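Just below is one structure, and these are the notes that go with it.
Taken together, the values in this text are just the output of simple stated rules run on the coordinates, not laboratory data. Keep in mind it's a predicted model, so treat the numbers as computed, not measured. Cβ sites come from the backbone with ideal geometry, for glycine too, and all protein chains shown count toward neighbours.
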Amino acid sequence: MNMSFSYSPGDVIAPAIDWLNTNFHPLFAAISLIVETILDVLLSVLSVLPAWALIAVIALLGWKLATWRIALLVVGTLGFCWLMGLWEATLQTIALVLLAVFLSITIAFPLGIWAARNKRAEAALRPVLDIMQTVPPWVYLVPAVIIFSLGRTPALIATVVYGTPPMLRLTTLALNQVPKSFLELGEALGAPRLTTLFKIELPIAKPTLLVGLNQCILLSLAMVVLAGLVGAGGLGAEVTRGLTRMELGVGLRAGLSIVAVALLFDRLSQAALNRPIGKR
């Protein structure tokens, strides 16, 4: 007689999710409302100006932050999205990524500082981060969809989960790499810990922190296709439409627009954070 044994974690997780959905539905509805409201406000702000005017404003900002080359990059990337007829979808994606990156940094930065200060905390966070980066996004997206239904909220949750680990790891690494002699100098001068952090540690750790921010932005943008699959709209929805309808042109336009937005975020963030203090 052949005997087989099988076990499904879903047999345990599914009842727990059902219980949460039944008993905490008002809380989840409130969270979803808050997320939708913030995204709508961001989208409204981005949509105040016509496309050409917004491109001009961002190009001027890029010129002030860096050089005329960054301004040309802004015109080229956003202009491409506009000419492809994907301006509204591009703004939806930008709003989602802006909020996701902000939340990822808000979570990862203090936890990274804590892990750098506390080796037990670092050891406890390491397996959690390993799981977050190893498990396919679908695994934690499914319960998010069950709880929050289809829309931008589960997409945002998946994006934040996907983008937080690299920022957290590199924040911890950056602070751990600060030479002890500089920390001892701060202590010798009687500087408080916060002063030492902001005046000594963060400036020295800045290059590695920029890498973490870059990875957070790019991984967040990598999730926009998945966001489109769960009804979040944006460029991801256009890619999904191209795949489901076998329309190569639609998928290619949306895919290249995602690349353009990624270049825009990458260069603008680096220009802003690398700008010398006091530069006019």
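If you plug the beta carbon distance of Ala188 and Arg126 into 1/(1 + (r/R0)^6) with R0 = 25 Å, you get a FRET efficiency near 0.20.
Kirkwood-type hydrodynamic radius, the range 106-192: 14.8 Å, calculated from all non-identical alpha-carbon pairs. Measuring nothing but how far apart in sequence close Cα pairs (under 8 Å, 6+ apart) lie, relative to its length, the range 135-280 scores a relative contact order of 24 percent.
Averaging the sequence gap over all C-alpha pairs within less than 8 Å and six or more residues apart, then dividing by the number of residues, gives the range 24-273 a relative contact order of 25 percent. Length gained on full extension, Trp52 to Phe102, computed as 0.36 nm times the residue gap minus the Cα-Cα distance: 15.4 nm. For the range 200-260, GluC sites (Glu not before Pro) meeting the loop criterion (DSSP other than H, G, I, E, B) and having at most 14 other Cβ atoms within 10 Å: Glu247.
Taking chymotrypsin sites (Phe, Trp or Tyr not before Pro) across the range 128-165, none is in a DSSP loop with at most 11 further Cβ atoms lying within 10 angstrom of its Cβ.
At a threshold of 8 angstrom on Cα-Cα distance, excluding pairs fewer than six apart, so keeping six or more, what relative contact order does the range 199-280 reach in percent?
With pairs under 8 Å counted, the relative contact order is 23 percent.
Overall, the anisotropy analysis places the range 24-273 in the oblate class: the square-rooted eigenvalues a ≥ b ≥ c of its C-alpha gyration tensor yield a/c not less than 1.5, with a/b not exceeding b/c. In order along the range 41-58, the phi-based Karplus estimate (6.51 cos²θ - 1.76 cosθ + 1.60, θ = phi - 60°) of 3J(HN,Hα) comes to 5, 4, 5, 5, 4, 5, 8, 4, 8, x, 4, 4, 6, 5, 4, 5, 5, 5 Hz; Gly and Pro are listed as x.
Centre-to-centre, using Cα atoms only, the range 219-235 and the range 238-256 are separated by 13 Å. Remark: Leu43, Leu189, Leu65 ranked as Leu189, Leu43, Leu65, counting other beta-carbon atoms within 10 Å and listing the fewest first.
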